[in-house]
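Working notes, structure below.
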Amino acid sequence: MNPERRSDGSAGDVDYGAIGGTYSRYRRPDPVIEAQIHRALGDAKTVLNVGAGAGSYEPTHCEVTAVEPSASMRAQRPAHLTQAIDAVAEDLPFEDKSFDASMASVTVHQWLDLEAGLAEMRRVTRGPLVLLVCDPAAMMDYWLAHYIPEVREIEASRFPSLERIAAALGGKVTVEQVPVPLECRDGFNEAYHGRPEAFLDGNARLACSSWSLVPGEAVQRFEAALSADLESGKGDQKYGHLRRQPFFDGPLRLVIGRAA
């Protein structure tokens, strides 16, 4: 299989060569979410990270092999992590049952063929497959949808349903809610549930790839409306309670697949 790829190697609907230059600055692993992922990986000694990006959530206590098609993202991996291999999920260059466990963090929506990618992960993995994903059915239940529904609609259309993921994984599948901390370090959209002013930073927005797919006029409308509501206090009247809410139960999920 040889999926079409962009100039920097990106294989999905977003060009990370164009938007991903500051990704590692905004998308840093959050320790609470990291602990939940590492628990799911169990006692694995060898782990494959597919669509590894800049290396968020990779365990450092075991041997990790990272796969990332985007040259821009591979270049942002910190020095203490291994270099990522240039490959895609649908065509993993490894022998059968090469790894104790495998993981994929907020990446399956970028794959050209979900079923082929998960089948490849299962082929090369002896133990659990751990996927950090978003549930598209829960995407609109967030204040951001009030200001720019286009972003949430695009995200919902890109993420596969949990049912489709479970069917592709086969075997025993467990789905866990992933609560998002108030001061979440990983700058996906829900990370700013209690810090709405962060969305006025254009680079912070582009660290969530769906923003690059929204028309510019919608983003301008969003900036004007949010800025006005933050200045007048109207935004806090509606959503200010989230500034004091320790966790937000949004669409983030951890899907754990084990072979039958």
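The values are calculated or read from the model by the stated rules, or taken from the named source; none is laboratory data. A quick note: this is a predicted structure, and the numbers were derived from the prediction, not measured. Because the Cβ atoms are built from the backbone with ideal geometry, glycine has one as well, and the counts that use them run over all protein chains shown.
Tell me, please, whether a residue that is of a type in the set (F, W, Y) and within 23 Å of the chain's Cα centre (by Cα) can be found in region 229-246.
Keep residues of region 229-246 that are of a type in the set (F, W, Y), which gives 239.
Those still in the list that are within 23 Å of the chain's Cα centre (by Cα) too: none.
No: region 229-246 contains no residue that is of a type in the set (F, W, Y) and within 23 Å of the chain's Cα centre (by Cα).
Hey, does region 212-231 have a residue that's hydroxyl-bearing (S, T, Y) and either under 30 Å from Q110 (Cα atoms) or at pLDDT below 95 (or both)? Break it down stepwise before answering.
Residues of region 212-231 that are hydroxyl-bearing (S, T, Y), as a first pass: 212, 227.
Adding the requirement that they be either under 30 Å from Q110 (Cα atoms) or at pLDDT below 95 (or both) leaves 212.
Yes, because at least one residue in region 212-231 is hydroxyl-bearing (S, T, Y) and either under 30 Å from Q110 (Cα atoms) or at pLDDT below 95 (or both).
Give the residue that is surrounded by the most Cβ atoms within 10 Å (Cβ to Cβ), with candidates limited to residues of region 157-180 that are under 18 Å from the mean Cα position of the chain (by Cα), of a type in the set (G, A, S) and not in a loop (DSSP other than H, G, I, E, B).
Among those that are under 18 Å from the mean Cα position of the chain (by Cα), of a type in the set (G, A, S) and not in a loop (DSSP other than H, G, I, E, B), it is A166.
Any idea which residue in region 69-105 is farthest from D30 (Cα to Cα), counting only those that are within 16 Å of the chain's Cα centre (by Cα) and assigned to a strand (DSSP E or B)?
Here the residue is S102.
Only one residue in S227, S210 is under 21 Å from M139 (Cβ atoms), of a type in the set (S, T, N, Q) and in a helix (DSSP H, G or I). Which one? Show your work before the answer.
On the way: S227 fails: under 21 Å from M139 (Cβ atoms).
Criteria check complete, one pass: S210.
Of all residues in region 63-82, which are modelled with pLDDT under 95 and not charged (D, E, K, R)?
If the condition is that a residue be modelled with pLDDT under 95 and not charged (D, E, K, R), then P69, S70, A71, S72, M73, A75, Q76, P78, A79, H80, L81, T82 are the ones that fit.
Is it true that some residue in region 134-156 is in a helix (DSSP H, G or I), under 15 Å from the mean Cα position of the chain (by Cα) and of a type in the set (K, R)?
Looking for residues that are in a helix (DSSP H, G or I), under 15 Å from the mean Cα position of the chain (by Cα) and of a type in the set (K, R), one finds at least one in region 134-156, hence yes.
Specify which of the listed residues (A35, A52, A66, A40) is out of contact with any His (no Cβ under 6 Å at 6 or more places or on another chain), among the hydrophobic types (A, V, I, L, M, F, W, C), free of Cβ contacts under 8 Å to residues at least 60 places away in the same chain and in a helix (DSSP H, G or I).
A35
Can you pull out every residue in region 29-51 that is modelled with pLDDT under 95 and surrounded by fewer than 16 Cβ atoms within 10 Å (Cβ to Cβ)?
none
Test each condition in (1) part of a helix (DSSP H, G or I); (2) surrounded by fewer than 17 Cβ atoms within 10 Å (Cβ to Cβ); (3) hydrophobic (A, V, I, L, M, F, W, C) for M121 and report the one that comes out false.
(2)
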